[in-house]
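Novice: Structure in structure tokens, see below.
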């Protein structure tokens with residue numbers, strides 16, 4: 001299966017991820033953006 005292009009929920013950058021990856025499910029391009037996005 002091919003990678004899909006997504007837009008990060010926090011920084012707005014586009015990134016590629018496999019559709020079954022956590023990044024594709026949660027919408028964050030990096031652990032830093034996930035932490036900021038969740039307010040941790």
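Nothing in this text is a laboratory measurement; each read-out follows from the coordinates by a stated rule. Quantities reported herein were computed from a predicted structural model and do not represent experimental measurements.
Novice: Can you give me the relative contact order of the chain as a percent, contacts being Cα pairs under 8 Å and 6 or more apart?
Specialist: Rounded, it is 37 percent for the chain.
Novice: Using only DSSP helix segments of four residues or longer, with each worth -39500 (n - 2.57), what per-residue ellipticity at 222 nm results for the chain after dividing by its residue count and rounding to 500?
Specialist: When only DSSP H runs of four or more count, the value is -7000 deg cm²/dmol.
Novice: What number do you get for the chain when its Cα radius of gyration is normalised by 2.2 N^0.38 Å, N = residues?
Specialist: Expressed relative to 2.2 N^0.38 Å, the Cα Rg reads 1.09.
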